[in-house]
Every structure is written in structure tokens, then in C-alpha cells.
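The structure under discussion appears below in the form of C-alpha cells.
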Amino acid sequence: MRTLPIQSQDRPVRNVFQEADDAQGSALVLPGAYYCSQAPGLYYTREVLYRAGCDVLTVDYGYFLAGEPFSEASRRDALGEAEAAYHYLSANARAPRTIIAGKSLGSMLALDIALRYRRGVPTELVLLTPIENRLAAMLAVRREGDGSADLAEPWSVFAVRCGADDARDDAAWSNVRSAFMDVEEVSLDLTTHGLDALDGPVASLQGLATVCQRLASWLARQKPHP
């Protein structure tokens with residue numbers, strides 16, 4: 001593991017880079033507002049991505065590391081850091097396959113980056129406990145701007161939704177699903193937004209094991225990017 005020299009607004013972007021032996025693709029991992037990259041859900045996600053043959057770049061937001069509260073300004077800063085990391089990773093990619101993974105806030109940033117820079121380009125999105133109403137709103141704005149009812153993007157989506165998640169919104173998620181032709185969904189019924197099972201730590205670990213197994217299988221089924 002090493003740190004890459006990435007800058008956003010003349011400030012270093014805190015990151016960790018795992019370089020695969022024979023890279024089959026690149027993966028960017030974006031944490032939640034208060035869910036850092038070392039938390040279990042993201043730690044295991046990036047390990048699965050690495051074992052699938054990806055160079056993995058994981059970002060931690062400056063405001064979080066500085067102990068500052070989350071705000072609209074910090075969200076903009078986090079997006080700037082995520083974009084800088086994406087551009088660095090893309091410019092130095094060793095294979096065309098691109099995966100963007102995000103947890104909660106990171107799911108919004110992942111979709112934002114895809115909408116800005118991956119239109120018409122095969123992309124895999126891994127969305128852990130997505131902020132479903134915000135994703136639906138982002139897609140609605142893009143649909144309105146395009147004047148079309150369907151984005152029809154060549155993107156594959158792997159999503160983890162939790163039954164005890166306050167951010168869960170079934171109606172909004174239905175609109176999100178309809179934007180993509182390929183969506184694989186893992187549902188953890190008695191689990192919170194923080195990926196903690198209501199039945200305790202053993203159940204939490206079992207849930208994470210299910211996510212890892214399903215994610216690894218999903219990654220293996222995806223077609224190579226041209």
C-alpha cells in the first residue's frame with residue numbers, strides 16, 4: 001500500500017492505493033459522511049475489489065479527518081476530493097475496467113462522478129446503503145436535462161440496502177433501479193445504515209460475509225470493458 005500525490009484545491013487528498021499484481025481494472029472507494037474507509041463495510045469491499053484484480057484507490061475526506069462536522073461546504077469539498085482521485089486514477093489506469101464504490105454519502109459522489117464523466121462508458125457502481133431519495137433526485141435532474149425518460153447508460157450496479165436504514169426509501173429506489181438495466185441488490189433486513197445488525201456483532205459479521213460473497217460473484221460475472 002502507498003499514498004498517491006493527489007491534490008484538490010491545493011490540498012493533499014488523503015488516500016491509500018493498493019496496486020494489483022496484474023491489474024484487470026481500477027476501483028475508487030468513497031466513504032460515508034461519518035463512515036471512514038477503515039470501517040468494516042468499506043475495508044472488506046476494497047479487499048474484495050483488490051482480490052478481483054483491481055488497483056484500488058481509497059479516499060478519506062479532509063473534513064472527517066480534521067474532526068469537522070458534515071455540512072454543505074464539506075460535501076462540496078468531499079466531491080472535489082473524490083473527483084481529483086477519480087481523474088488521477090483514470091489518467092494512470094492500467095486496464096479499461098472502472099469501478100466506483102461508495103457508502104451512503106460516497107454513493108452520491110459515485111453517481112455524481114458517473115453522471116459527469118462516465119456517460120456512455122461501461123462502468124460498475126457499488127452502492128452501500130445508498131441515500132436513495134438523493135440518488136433518485138440526481139437522476140431526475142439528469143433526465144430532465146437530457147429530455148429523456150431513460151438514461152440508458154451502460155452501467156452495472158451492485159447495491160446493499162438495509163431494512164433498518166433510515167435512508168431507505170422504496171419508492172425512490174424503484175426510480176433509481178429503473179435507470180439501469182443491470183442491478184444486483186443485496187438486502188440485509190435487520191441491519192442499520194451503519195451496517196450493524198440489530199441481532200448483534202455475530203449477525204453483523206454474517207451480513208458482511210454475505211455482501212462479500214455476493215460482490216465477488218457479481219464482479220466475476222461482469223463483462224470485460226472494451
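Tabulated data for the structure shown
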quantity: Loop-located chymotrypsin sites (Phe, Trp or Tyr not before Pro) in segment 60-97, at most 16 other Cβ atoms within 10 Å (DSSP); calculated: Phe70
quantity: Likely footprinting exposure, Val48, Val126, fewest C-beta neighbours within 10 Å first; calculated: Val48, Val126
quantity: Long-range HN-HN contacts of Val13 with modeled amide H, under 5 Å; calculated: Ile6, Gln7, Ser8
quantity: DSSP-defined antiparallel bridges as percent of all bridges, segment 10-221, nearest 5; calculated: 15
quantity: Within a Gaussian network of the chain (alpha carbon springs, distance under 10 Å), most fluctuating of Leu205, Leu42, Leu195; calculated: Leu205
quantity: Principal axis dimensions, the chain - Cα atoms, whole angstrom, descending; calculated: 46, 40, 38
quantity: Fraction of beta bridges assigned by DSSP in segment 1-112 that are antiparallel (%, nearest 5); calculated: 40
quantity: Cα-based Rg and Dmax for segment 1-104, where Dmax is the largest Cα-Cα distance (Å); calculated: 13.0, 40
quantity: Choice from Ser90, Ser104, Ser71 showing the highest fluctuation, given a GNM over the chain with Cα pairs closer than 10 Å; calculated: Ser71
quantity: Segment 27-124: relative contact order as a whole-number percent, Cα under 8 Å and 6+ apart; calculated: 39
quantity: Check: the chain dipole with +1 on Lys, Arg Cβ and -1 on Asp, Glu Cβ, in debye; calculated: 480
quantity: Sorted by Cβ density within 10 Å, fewest first, the residues Leu127, Leu215, Leu4, Leu79; calculated: Leu4, Leu79, Leu215, Leu127
quantity: Relative exposure of Ile113, Ile6, judged by other C-beta atoms within 10 Å (fewest first); calculated: Ile6, Ile113
quantity: Value of relative contact order over the chain, rounded to a whole percent, pairs C-alpha under 8 Å and six or more apart; calculated: 17
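Readers should treat all values here as calculations from the given coordinates under stated rules, not as data from a laboratory. Nothing here was measured: the structure is a model prediction, and the numbers come from that model. Note that we place each Cβ from the backbone using ideal geometry, even for glycine, and neighbour counts take in every protein chain shown.
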